[in-house]
Amino acid sequence: MFHELGEEKERLLREHIAGCEECQKEESRLREFQRMLSSSMPDAVDQGLLREAREQLHRSLTIVQGSGSVLDRARDFLLGGLRPGLRLATIGSATFIVGMAVSYGIFHRAAQNSSLQDIQNGSIIAAGDSRISNVRFLNADGSNGDVEFTFETVRPVRMKGNIRDPQIEKVLAYAILNEDNPGVRLQSINAVAAQRPGDNEVKKALISALRIDKNAGVRRESLRALQNFPMDNDIKDAILYVLNHDGNPGMRVAAINLLDSLRERSVIPNKDLLEAFEKTVQTDQNNYIRLRAKAAIEEIRQ
Amino acid sequence: MPSDIELVESARSGDVHAFEQLVHRYDTNVLSLAARFGNSNEDAKDIYQEVFLRVFRNLHRFEGRSEFSTWLYRITTNVCLTFRSQKRKDHLATSEYNDDDHRAAADGGPMSGGVLRPDHHAESREISARISKALERLSPQQKLVFVMKHYEGYKLREIARLMGCAEGTVKRYMFAATRRMRVHLYDLKEILS
């Protein structure tokens, strides 16, 4: 019964099986079936898959949080001071007004967009720096010389300024987290690492990249860049996370080296370090890292 | 190290970093179940996303009457069941509960002639593939119970608690699942012997 019965029931069952030929055969068939399942036990969760899932979730959370906070603020603003009895009426009215506004917006904008595009076509193409895509013909006949189509343009934006400029920091933080090209992510990190940035958003982006970026080089550079920030709990937790969870031994070595130097400067409480190093000694599969952690534990205890 | 409840509180006030810390404590187990329940890595990632986004959106409903992990795994089982029922709609009519498959398996099936004598790894792969295929023929509830019991090591009463149903119901799912699996994998004993 796969260890589901209590002791007494299991004893009774065993006694019955011992005296029942049919049940003995069934038990033997079940054991065989069990053995077959065990022989093909699936592997533990693939670390690459876990990393991909975390990265995807991080992006989704960023979007959800952004939209959620705006809605929450609107809701608080509208309903915050109302008695519960009035809330339903307010919600109903608000839904009606929003519905009307959205319908107007959609139809009005559709009409406006086509006229805007008509006017701007010439300048967009003349500018020469726009990428044209998604061309859709409304009239592809062309027999009388006229065609009509819509298209989308993506225009590069050029920014120049100091790394401490909040707009520049915002764009770079976005690039660190969302650029598909790891080279661009690295360049963005190096750019913010060159100066000590003041923006919290950059720090958060670096911490996220350190934890979830699938490229070890990007994670390594994030770790390096974070050393430019004053040590706080978020950064400490991120470094400890790398030590105990990063799948790349090089990253774990970098984390242990950094933690060791922070220990010497008494930046991180010994209690936190001991906890992390002890976990490393117990779980890390790399001999060198386990030895380093063991040595660090001894030094802390001295 | 902050407790689960402390992290939940921080996450409720919009701290995504705290939420991610919470996620990283339990997501290996969630992904493991998702990977074994789903048919592919993409399925597993979809289930993972859905679980944690649902958790994030509903954090305000978590009252702390149970452990956070229990609440999380309950959501995971719900997502698994919904996920499967959504994805299976399209090919339910053609591939599910097909009696011909039962008969083919019971008659010996394509691998029954002792043809397969490969090395151990290939044999193990073959068995895994057959088991996966057999699992696909179970209903979502049967599959979930079977996977949680045999691959994730839950006890039946824990599964019942997470699925929000009676232990007797879980036993029925388990019994039906085991019977179906045995029928589908009948011929594999020749490979193993």
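The numbers here are math on the coordinates, done by the rules we state, and not lab data. Note that the structure is predicted; figures quoted are calculated from it, not measured. Ideal geometry is used to build each Cβ from the backbone, glycine not excepted, and the neighbour counts take in all protein chains shown.
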| request: Apply 1/(1 + (r/R0)^6) to the Cβ-Cβ distance of B:Thr169 and B:Asp15, taking R0 = 35 Å, and write down the FRET efficiency to the nearest 0.05. | output: 0.35
| query | segment A:264-293 to segment B:55-73: how many Å between their Cα centroids? | reply | 32
| What FRET efficiency would be calculated for the residue pair B:His24, A:Arg59, taking the C-beta separation as r and a Förster radius of 22 Å, to the nearest 0.05? | 0.90
| remark: Counting Lys and Arg as +1 and Asp and Glu as -1 over every other residue whose Cβ sits under 10 Å from the Cβ of B:Tyr48, the net charge comes to -3
| query | Are there trypsin sites (Lys or Arg not before Pro) in segment A:249-302 that DSSP marks as loop and that have at most 15 other Cβ atoms within 10 Å, and which are they? | reply | A:Arg265
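Which ordering of A:Val154, A:Val281, A:Val192, B:Val8 is given by a fewest-first count of other beta-carbon atoms within 10 Å?
Placing the least packed residue first, the sequence is A:Val154, A:Val281, B:Val8, A:Val192.
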| message | If you take each beta carbon of peptide B:27-40 and count the beta carbons of other chains within 10 angstrom, what is the mean? | response | 3
| request: Report ³J(HN,Hα) in whole Hz for each residue of segment B:128-140, in order, from the Karplus equation J = 6.51 cos²θ - 1.76 cosθ + 1.60 where θ = phi - 60°; Gly and Pro get x. | output: 4, 5, 5, 5, 4, 5, 5, 4, 4, 8, 7, 5, x
| Once you put a point 7 Å from the Cα of A:Thr150 and another 7 Å from the Cα of A:Asp180, both along the Cβ direction, what distance in nm separates them? | 2.4
| remark: Cα convex hull volume per residue for segment A:165-290, in Å³, equals 90
